[in-house]
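**Student:** This structure is in structure tokens; I'll ask about it shortly.
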Amino acid sequence: MEVTAPDGRAGAADNFGAGGRWLLAVAKNVAIAGGLVFVGLVAMSLASIVGRKLFAWPVPGDVELLQMCAAFASSSFFAYCHMANGDVKVDFFTHNLAPRIVARLDASGSFLVGAFGTLVAWRTAVGALAVHEVGETSAVLGIPIWIAQSLMVPGFALLAVAGFYMCAHRVRVSLRRMAQPPRRPRP
């Protein structure tokens, strides 16, 4: 899979320093783990549906497992998506701006992603602790709910780190572009 760098060139890891390449690799591996969890959930759901229809034997607690595991798996994709420029961007208003201005706007957006990741990781952790204190469990399998909630925290924390890293990276790109003379349009 070809990854686009934050400045629009192919090969994002080429543009990052050693820390950025490491962060990208971690984010990619976490996303792959989340994808494998989804594959497992699909297999479990198929087994449950076929078992229910053909043998009157569903997988006990299949919906509970689906909800808990899908929450973790979903949170695992965000950091890689952001580092690979997979975010949805509406550049209708910015496509004619100078590249350094676009880089600054992208840096601001990445800062907001980092702040959002921090906020969601913090509140998810607080929620998991609160659920742990009351001892809430799932109805069928009796799995403690706090475990599923706490498994989302690393994905959101990784999103926060990725957002702040990409903010700093895009600021560096913006400063490099400021040092370059502006391109003149060809007649």
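The values are calculated or read from the model by the stated rules, or taken from the named source; none is laboratory data. Computed from a predicted structure; not experimentally measured. All Cβ positions, even for glycine, are placed from backbone atoms using ideal geometry, and neighbour counts span all protein chains on display.
**Student:** Among the listed residues Ala107, Ala84, which satisfies the condition of being of a type in the set (A, V, I, L, M, F, W, C), touching a strand residue (DSSP E or B) at 6+ places or on another chain (Cβ under 9 Å) and within 16 Å of Val161 (Cβ to Cβ)? Can you show your working first?
**Tutor:** Working: Ala107 fails: touching a strand residue (DSSP E or B) at 6+ places or on another chain (Cβ under 9 Å).
None of the other options fit; the residue is Ala84.
**Student:** For segment 17-37, enumerate the residues that are farther than 17 Å from Pro154 by Cβ, without any contact (Cβ under 8 Å) to a residue 60 or more places away in the chain and in a helix (DSSP H, G or I). Quick ask: steps written out before the conclusion?
**Tutor:** As a first pass, look at segment 17-37 and keep what is farther than 17 Å from Pro154 by Cβ: 17-21.
If we keep only those that are without any contact (Cβ under 8 Å) to a residue 60 or more places away in the chain too, we end up with 17-18, 21.
Scanning segment 17-37 gives Ala18, Arg21.
**Student:** Of the numbered conditions (1) in contact (Cβ under 8 Å) with a residue 12 or more places away in the chain; (2) among the acidic types (Asp, Glu); (3) closer than 30 Å to Trp22 by Cβ, Asp91 fails exactly one; give the number of that condition.
**Tutor:** (1)
**Student:** Right, Trp122: of a type in the set (Phe, Trp, Tyr) and either in contact with a Cys (Cβ under 7 Å, 6 or more places away or on another chain) or more than 24 Å from Trp22 (Cα to Cα) (or both) or not? Walk me through it before giving the result.
**Tutor:** On the way: of a type in the set (Phe, Trp, Tyr): yes; either in contact with a Cys (Cβ under 7 Å, 6 or more places away or on another chain) or more than 24 Å from Trp22 (Cα to Cα) (or both): no.
Judged against the criteria, Trp122 is not a match.
**Student:** Could you tell me whether segment 90-104 includes any residue that is at pLDDT below 95, closer than 29 Å to Val42 by Cα and either in a helix (DSSP H, G or I) or not hydroxyl-bearing (Ser, Thr, Tyr) (or both)? Explain how you work it out, then say what you get.
**Tutor:** Taking segment 90-104 and keeping what is at pLDDT below 95, we get 90-104.
Restricting the remaining residues to those that are closer than 29 Å to Val42 by Cα gives none.
No, segment 90-104 contains no residue that is at pLDDT below 95, closer than 29 Å to Val42 by Cα and either in a helix (DSSP H, G or I) or not hydroxyl-bearing (Ser, Thr, Tyr) (or both).
**Student:** Give the number of residues within segment 109-141 that are free of Cβ contacts under 8 Å to residues at least 24 places away in the same chain, outside any loop (DSSP other than H, G, I, E, B) and not β-branched (Val, Ile, Thr).
**Tutor:** In the first step, residues of segment 109-141 are kept if they are free of Cβ contacts under 8 Å to residues at least 24 places away in the same chain; the result is 109, 119, 122-123, 126-127, 129-137.
Now drop any that are not outside any loop (DSSP other than H, G, I, E, B), which leaves 109, 119, 122-123, 126-127, 129-134, 137.
Filter once more, keeping what is not β-branched (Val, Ile, Thr): 109, 119, 122-123, 127, 129-130, 132-133.
Counting residues in segment 109-141 that are free of Cβ contacts under 8 Å to residues at least 24 places away in the same chain, outside any loop (DSSP other than H, G, I, E, B) and not β-branched (Val, Ile, Thr) gives 9.
**Student:** Can you tell me which residue among Phe116, Phe78, Phe72 is within 14 Å of the chain's Cα centre (by Cα) and surrounded by fewer than 17 Cβ atoms within 10 Å (Cβ to Cβ)? Talk me through it step by step, then tell me what you get.
**Tutor:** On the way: Phe78 fails: surrounded by fewer than 17 Cβ atoms within 10 Å (Cβ to Cβ); Phe72 fails: surrounded by fewer than 17 Cβ atoms within 10 Å (Cβ to Cβ).
Selected residue: Phe116, the only one of Phe116, Phe78, Phe72 that is within 14 Å of the chain's Cα centre (by Cα) and surrounded by fewer than 17 Cβ atoms within 10 Å (Cβ to Cβ).
**Student:** Let me ask something else about it. Pull out all pairs, ordered by first then second residue, where Cβ-Cβ is under 9 Å, the residues are six or more apart or on different chains, the first lies in segment 150-178 and is without any contact (Cβ under 8 Å) to a residue 12 or more places away in the chain, and the second is part of a loop (DSSP other than H, G, I, E, B).
**Tutor:** Partner pairs satisfying both residue conditions: Arg176/Asp7.
**Student:** Which residue is surrounded by the fewest Cβ atoms within 10 Å (Cβ to Cβ), if the candidates are limited to segment 13-58 and must be among the charged types (D, E, K, R) and within 30 Å of Arg170 (Cβ to Cβ)? It would help to see each step written out before you state the result.
**Tutor:** First, the residues of segment 13-58 that are among the charged types (D, E, K, R): 14, 21, 28, 52-53.
Next, only the ones that are within 30 Å of Arg170 (Cβ to Cβ) stay: 14, 21, 28.
On the way: Asp14: 10, Arg21: 14, Lys28: 17.
Top of the filtered list is Asp14.
**Student:** Here is a follow-up. What about Gly8, is it small (Gly, Ala, Ser), at positive phi and at pLDDT below 95?
**Tutor:** Working: small (Gly, Ala, Ser): yes; at positive phi: yes; at pLDDT below 95: yes.
In short, yes.
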